[in-house]
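One structure below.
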Amino acid sequence: MARYLPAELIKKKREGGALTADELRFLVEEFTATRLPDYQMSAFLMAVYFRGLDENETLELTECMLHSGHVVDFSDLSGFKVDKHSTGGVGDKTSLILGPIVAACGLRVPMISGRGLGHTGGTLDKLESIPGFNTQLSLEQFRQTVKKHGIALIGQTQEICPADKRLYALRDVTATVENLSLICASIMSKKLAEGIDGLVLDVKFGSGAFMKSTSEAEELARALMAIAKGYGKKVSALITNMDQPLGRYAGNALEVQECLEILRNEHGNDRLRNETRELSLQLAAQMLFLGGVGQTLTDSKAEALKVLQNGQALAKFEELCVAQSGRLQELPKAKHQLPVLASQSGVVQSMATETIGYLGLRLRAGRATVADVIEPTAGFEFHCKIGDRVEKGQPLITLYGSDSELLQEVQPLVAKCVPILEHVRQAEPLIWKELTL
């Protein structure tokens, strides 16, 4: 017989009560074992969304999720183990660049990544747009890949944080993503399960982020850093701007292509691609600095830049793809393109980045439900940034996909996301703040 009645625990949280460690452990264990149905866990998540968890509950939920599966032990491997986590956004693709950079510099990069959540893209979905790329390695395969190649990118398996894997998918489709405690427990359970020594956080704010203000983003960053420090990990964070999409493309195969162009040093003077490149280098420098590569952050960035420019980072990414069965040469391309043109001349005032992300779901670049199948070539190409002067008839955004009718359906909705006026408008800096402990 069950230790507790789930409905009573849901009611307790709904009324603002604090759950004990044993009560939280019961809910996580029962849900992971599929004895607690989705509808009851959904009700509990909604109660948490509105009532929150206190610091002790958050720590206990993290611990329960961490130990719902195996914790990777890399103690037998030499070298500093480090990962990066982003809170997500539209066009956020830096893991595919910084992971190979850091591994090429000699650190170990075990990365357990997620799928798209809400309007944001997911690293696993990007990687799986590469035909054959296997993100579902077993725990032992994950260990061996990191040991041999210095890097591996996988998803949450039944061995690693299975509770978070199920909760993550449920939060995505029940509008319970934007809760500080749930975000902290989800992120840190996965990261702590990786067996890492250090973690760099990219916490985003703005119209395309879950945290809309800089103060909210900093609160989340400090909460995550406190958990990492409590587990004895080295940690730092960047607070970065997601008021507009990052880089040139958003969409799975499109983002992989952008990363390849950067790794191949084919970006040229394209400032949109250079934006992706610069943030990737800054985050890589943070990771290298935690791992002792360089005595200063400037030294660490110089090392990151060196392996990017000399082709070692590209070689490491190609090595990773081979190791995980990806066939880069078969990266798919969209059958159809449709531009969104400026209806008037003027200055780009803003971008409704979250709305653009959700319109990406309409194009099938992401999932509206757990069962949805992603169209890997669907997405957007951005031709301008906030503050840019544009002329009437100039392309603002190009839509990509395999279904021309879908592109035509979404085109007028995307046009509304880029207001143009005659007023001068300055965009905010990409990196707002650096946090260290």
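For the stretch 291-306, how many residues meet the condition of being part of a helix (DSSP H, G or I) and either among the charged types (D, E, K, R) or surrounded by fewer than 23 Cβ atoms within 10 Å (Cβ to Cβ) (or both)? Spell out how you get there, then give the answer.
Applying the first criterion (part of a helix (DSSP H, G or I)) to the stretch 291-306 yields 297-306.
Then keep just the ones that are either among the charged types (D, E, K, R) or surrounded by fewer than 23 Cβ atoms within 10 Å (Cβ to Cβ) (or both); that gives 297-299, 301-303, 305-306.
Result for the stretch 291-306: 8.
Among the residues of the stretch 71-80, are any in a helix (DSSP H, G or I) and not polar (S, T, N, Q)? Explain how you work it out, then say what you get.
Within the stretch 71-80, the first condition is being in a helix (DSSP H, G or I), and the residues that meet it are none.
Within the stretch 71-80, not a single residue is in a helix (DSSP H, G or I) and not polar (S, T, N, Q).
Somewhere in the stretch 87-101, is a residue among the small types (Gly, Ala, Ser), in contact with a Phe, Trp or Tyr (Cβ under 6 Å, 6 or more places away or on another chain) and crowded, with 24+ Cβ neighbours inside 10 Å? Step through it out loud before you land on a result.
Residues of the stretch 87-101 among the small types (Gly, Ala, Ser): 88-89, 91, 95, 99.
If we keep only those that are in contact with a Phe, Trp or Tyr (Cβ under 6 Å, 6 or more places away or on another chain) too, we end up with none.
Checked the stretch 87-101: no residue is among the small types (Gly, Ala, Ser), in contact with a Phe, Trp or Tyr (Cβ under 6 Å, 6 or more places away or on another chain) and crowded, with 24+ Cβ neighbours inside 10 Å.
State the number of residues belonging to the stretch 1-59 that are closer than 18 Å to residue 162 by Cα and of a type in the set (Val, Ile, Thr).
Looking only at that region, the number is 4.
As an exercise: evaluate residue 358 against (1) surrounded by fewer than 20 Cβ atoms within 10 Å (Cβ to Cβ); (2) of a type in the set (Phe, Trp, Tyr); (3) touching a Phe, Trp or Tyr at 6+ places or on another chain (Cβ under 9 Å) and give the number of the one condition it does not meet.
Of the numbered conditions (1) surrounded by fewer than 20 Cβ atoms within 10 Å (Cβ to Cβ); (2) of a type in the set (Phe, Trp, Tyr); (3) touching a Phe, Trp or Tyr at 6+ places or on another chain (Cβ under 9 Å), the odd one out for residue 358 is (3).
Take residue 207 and decide whether it is free of Cβ contacts under 8 Å to residues at least 12 places away in the same chain, surrounded by fewer than 24 Cβ atoms within 10 Å (Cβ to Cβ), farther than 20 Å from residue 84 by Cα and not hydrophobic (A, V, I, L, M, F, W, C). So that I can check it myself, show each step before the final result.
On the way: free of Cβ contacts under 8 Å to residues at least 12 places away in the same chain: no; surrounded by fewer than 24 Cβ atoms within 10 Å (Cβ to Cβ): yes; farther than 20 Å from residue 84 by Cα: yes; not hydrophobic (A, V, I, L, M, F, W, C): yes.
No: the conditions fail for residue 207.
Does residue 250 satisfy the criteria of being under 19 Å from residue 188 (Cβ atoms), touching a residue at least 40 places away in the same chain (Cβ under 8 Å) and surrounded by 23 or more Cβ atoms within 10 Å (Cβ to Cβ)?
Working: under 19 Å from residue 188 (Cβ atoms): no; touching a residue at least 40 places away in the same chain (Cβ under 8 Å): yes; surrounded by 23 or more Cβ atoms within 10 Å (Cβ to Cβ): yes.
Against the criterion (under 19 Å from residue 188 (Cβ atoms), touching a residue at least 40 places away in the same chain (Cβ under 8 Å) and surrounded by 23 or more Cβ atoms within 10 Å (Cβ to Cβ)), residue 250 does not qualify.
Looking only at the stretch 112-151, which residues are in contact with an Asp or Glu (Cβ under 8 Å, 6 or more places away or on another chain) and assigned to a strand (DSSP E or B)?
112, 117, 120
How many residues, within the stretch 115-145, are surrounded by 23 or more Cβ atoms within 10 Å (Cβ to Cβ) and touching a Phe, Trp or Tyr at 6+ places or on another chain (Cβ under 7 Å)?
1
Have a look at 409, 391 and point out the one that is under 28 Å from residue 128 (Cα atoms) and of a type in the set (Asp, Glu).
Details: 391 fails: under 28 Å from residue 128 (Cα atoms).
Step by step, each of 409, 391 is checked, and only 409 is under 28 Å from residue 128 (Cα atoms) and of a type in the set (Asp, Glu).
Quickly run through the stretch 291-328 and pick out the residues that are more than 19 Å from residue 152 (Cα to Cα) and touching a Ser or Thr at 6+ places or on another chain (Cβ under 8 Å).
Of everything in the stretch 291-328, those that are more than 19 Å from residue 152 (Cα to Cα) and touching a Ser or Thr at 6+ places or on another chain (Cβ under 8 Å) turn out to be 293, 294.
Please find, within the stretch 365-396, the residue that is modelled with the lowest pLDDT out of those that are farther than 20 Å from residue 412 by Cβ and of a type in the set (S, T, N, Q).
369
Please verify whether residue 59 is in contact (Cβ under 8 Å) with a residue 60 or more places away in the chain and either buried (at least 19 other Cβ atoms within 10 Å of the Cβ) or not in a loop (DSSP other than H, G, I, E, B) (or both), treating the condition exactly as stated.
Working: in contact (Cβ under 8 Å) with a residue 60 or more places away in the chain: yes; either buried (at least 19 other Cβ atoms within 10 Å of the Cβ) or not in a loop (DSSP other than H, G, I, E, B) (or both): yes.
Against the criterion (in contact (Cβ under 8 Å) with a residue 60 or more places away in the chain and either buried (at least 19 other Cβ atoms within 10 Å of the Cβ) or not in a loop (DSSP other than H, G, I, E, B) (or both)), residue 59 qualifies.
Against the conditions (1) at pLDDT 95 or above; (2) of a type outside the set (Asp, Glu); (3) under 29 Å from residue 110 (Cα atoms); (4) within 24 Å of the chain's Cα centre (by Cα), where does residue 292 fall short? Just the number, please.
(4)
Inspect the stretch 307-319 for any residue being touching an Asp or Glu at 6+ places or on another chain (Cβ under 7 Å) and in a loop (DSSP other than H, G, I, E, B) and give the result as yes or no.
no
Select from the stretch 20-43 the residues that are under 25 Å from the mean Cα position of the chain (by Cα) and under 16 Å from residue 68 (Cβ atoms) and write down the one among them that is surrounded by the most Cβ atoms within 10 Å (Cβ to Cβ).
Filtering the stretch 20-43 down to residues under 25 Å from the mean Cα position of the chain (by Cα) leaves 28, 31-32, 38, 41-42.
Restricting the remaining residues to those that are under 16 Å from residue 68 (Cβ atoms) gives 28, 31-32, 41.
On the way: 28: 26, 31: 22, 32: 21, 41: 22.
The selected residue is 28.
If I ask for residues that are in contact with a helix residue (DSSP H, G or I) (Cβ under 8 Å, 6 or more places away or on another chain) and not hydrophobic (A, V, I, L, M, F, W, C), which ones from the stretch 198-212 would you list?
Taking the stretch 198-212 and keeping what is in contact with a helix residue (DSSP H, G or I) (Cβ under 8 Å, 6 or more places away or on another chain), we get 198-211.
Scanning the stretch 198-212 gives 198, 202, 204, 206, 207, 208.
Consider residue 352 carefully, then state whether it is of a type outside the set (Ser, Thr, Tyr), out of contact with any Leu (no Cβ under 8 Å at 6 or more places or on another chain) and not assigned by TED's automatic domain parsing to the domain that holds residue 214.
On the way: of a type outside the set (Ser, Thr, Tyr): yes; out of contact with any Leu (no Cβ under 8 Å at 6 or more places or on another chain): yes; not assigned by TED's automatic domain parsing to the domain that holds residue 214: yes.
The answer is yes for residue 352.
If you go through the stretch 42-86 one residue at a time, how many are of a type outside the set (Val, Ile, Thr) and touching a Phe, Trp or Tyr at 6+ places or on another chain (Cβ under 8 Å)?
Going through the stretch 42-86, the residues of a type outside the set (Val, Ile, Thr) turn out to be 42-47, 49-57, 59-61, 63-70, 73-81, 83-86.
Now narrow it down to the ones that are touching a Phe, Trp or Tyr at 6+ places or on another chain (Cβ under 8 Å): 81.
Result for the stretch 42-86: 1.
Looking only at the stretch 62-82, count every residue that is within 20 Å of residue 155 (Cα to Cα) and out of contact with any Gly (no Cβ under 8 Å at 6 or more places or on another chain) and tell me the total. Don't jump to the end; show me each part of the working.
Going residue by residue through the stretch 62-82, those that are within 20 Å of residue 155 (Cα to Cα) are 62-74, 81-82.
Next, from what is left, pick out any that are out of contact with any Gly (no Cβ under 8 Å at 6 or more places or on another chain): 62-70.
Matching residues across the stretch 62-82 total 9.
The values are calculated or read from the model by the stated rules, or taken from the named source; none is laboratory data. Everything numeric here is computed off the predicted structure, so don't read it as measured data. Note: ideal-geometry Cβ built from the backbone for every residue, glycine included; neighbour counts use all protein chains shown.
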